There are 2 protein chains.
Amino acid sequence: MLEGRAASRGLAVLDLIIRFVAVVATVGSAIAMGTTNQTLPFFTQFLRFKAQYDDLPTLTFFVVVNSIVAAYLVLSIPLSIVHIIRSRAKYSRLVLVFFDAAMLALVTSAASAAAAIVYLAHKGNARANWFAICQQFDAFCERISSSLIGSFVAMALLVVLIVLSAAGLARR
Amino acid sequence: MLEGRAASRGLAVLDLIIRFVAVVATVGSAIAMGTTNQTLPFFTQFLRFKAQYDDLPTLTFFVVVNSIVAAYLVLSIPLSIVHIIRSRAKYSRLVLVFFDAAMLALVTSAASAAAAIVYLAHKGNARANWFAICQQFDAFCERISSSLIGSFVAMALLVVLIVLSAAGLARR
């Protein structure tokens, strides 16, 4: 019994560590995307060629969602600490499972929508006459592409968190 | 104790029903999207103006993912039936939680990526010089927009399924 309790505590500690990593991943994604802009080194009298993340509404959505998920994860840390101490907690774990699943859906939707737009920026689409803007805005594109990584990492971590909570419930 | 058992059985039956509904939703989405095409009523000697879902790779991804998730849900139905009979099952529920969470991420990513592209087709983007193709292909756009519904319904249902499995584990 004592052994089982130590294992439950181990799961809870792992849960806490993963939450910290996921906070860093989502905050990193939000900041990397939110500070992206590129001004091309040539301009005419009337036009400056400038690309910024909020030219594309999907990328604005990406920044907002990553901030929301990061805020949720920070708020969930105290609950996670409670689970280390009280390993038999039941309802608080169920609440975490629900919100973790909702946040998983949210961060996945932001990451995938942004990925679809980034793919389009790289490849364009000949049938729809959408041009690959990355040919001009190469630094901009590199930056928005790498911003996605943190979000996809957070997605994988949230799946692990859900399974950990379920395992915690199963072990009680 | 007998009362608690009846409640557990109720949760398991609800789980089964929701899986059936989610199968219908994802299959419906895949079929609605996969059969979308529109040919405009005018053409030149060299060009026929035709739009098909697989002109946009993201929409092909949408059809494939919805089919995969539907197949998974069908395969999970026997396990769900086992849980009605054996309400104290533990490891099989953990397996379901893991795969439900993975499928939630998958279907959300397909639905959101497709939604981002559909939004672009409707609104276009002036900064990137991407035109709103829906002005020409109105029936095509209406169809791809409504195909998304089933996928988003499946997303919500998968969140419910994860919470139900967790509740089942908590009640044991």
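The values are calculated or read from the model by the stated rules, or taken from the named source; none is laboratory data. Predicted, not measured: the structure shown is a model, and the values here were computed from it. Cβ coordinates were reconstructed from backbone atoms using ideal geometry, including for glycine residues, and neighbour counts include every protein chain displayed. Accessible surface is based on the protein model in full, side chains and every heavy atom, while ligands, DNA and RNA are left aside. Shrake-Rupley method; radii C 1.70, N 1.55, O 1.52, S 1.80 Å.
The conditions of being open to solvent by less than 20 Å² (accessible area, probe 1.4 Å) and either touching a Pro at 6+ places or on another chain (Cβ under 9 Å) or within 9 Å of chain B (Cβ to nearest Cβ) (or both) are met by residue A:120.
Between A:70, A:12, A:30, A:25, the distinction of being part of a helix (DSSP H, G or I), at pLDDT below 95, more than 14 Å from chain B (Cβ to nearest Cβ) and under 29 Å from residue A:165 (Cα atoms) belongs to A:12 only.
Scanning the range A:82-98 for residues that are surrounded by 15 or more Cβ atoms within 10 Å (Cβ to Cβ), at pLDDT 90 or above and farther than 20 Å from residue B:163 by Cβ turns up just one, A:84.
Only one of the numbered conditions (1) surrounded by 16 or more Cβ atoms within 10 Å (Cβ to Cβ); (2) in a loop (DSSP other than H, G, I, E, B); (3) not aliphatic (A, V, I, L, M) is violated by residue A:61, and that is (2). Considering (1) farther than 20 Å from residue B:102 by Cα; (2) under 19 Å from the mean Cα position of the chain (by Cα); (3) in contact (Cβ under 8 Å) with a residue 24 or more places away in the chain, the lone condition that residue A:149 does not fulfil carries the number (1).
Annotation: residue B:107 fulfils all but one of (1) within 10 Å of chain A (Cβ to nearest Cβ); (2) surrounded by fewer than 24 Cβ atoms within 10 Å (Cβ to Cβ); the unmet one is (2). Restricting attention to the range B:125-172 and to residues that are closer than 20 Å to residue A:115 by Cβ, facing chain A (nearest Cβ under 9 Å) and not hydrophobic (A, V, I, L, M, F, W, C), the residue that is most open to solvent (accessible area, probe 1.4 Å) turns out to be B:127. Residues of the range A:74-98 that are without any contact (Cβ under 8 Å) to a residue 60 or more places away in the chain and either more than 10 Å from chain B (Cβ to nearest Cβ) or not in a helix (DSSP H, G or I) (or both): A:74, A:75, A:76, A:78, A:79, A:82, A:85, A:86, A:89, A:92.
Residues checked against (1) modelled with pLDDT of 95 or more; (2) under 29 Å from the mean Cα position of the chain (by Cα):
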position: A:7; (1), (2): no, yes
position: A:21; (1), (2): yes, yes
position: A:44; (1), (2): no, no
position: A:49; (1), (2): no, no
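Apart from one condition, residue B:49 fits all of (1) of a type in the set (A, V, I, L, M, F, W, C); (2) more than 9 Å from chain A (Cβ to nearest Cβ); (3) crowded, with 16+ Cβ neighbours inside 10 Å; (4) not in a helix (DSSP H, G or I); the exception is (3).
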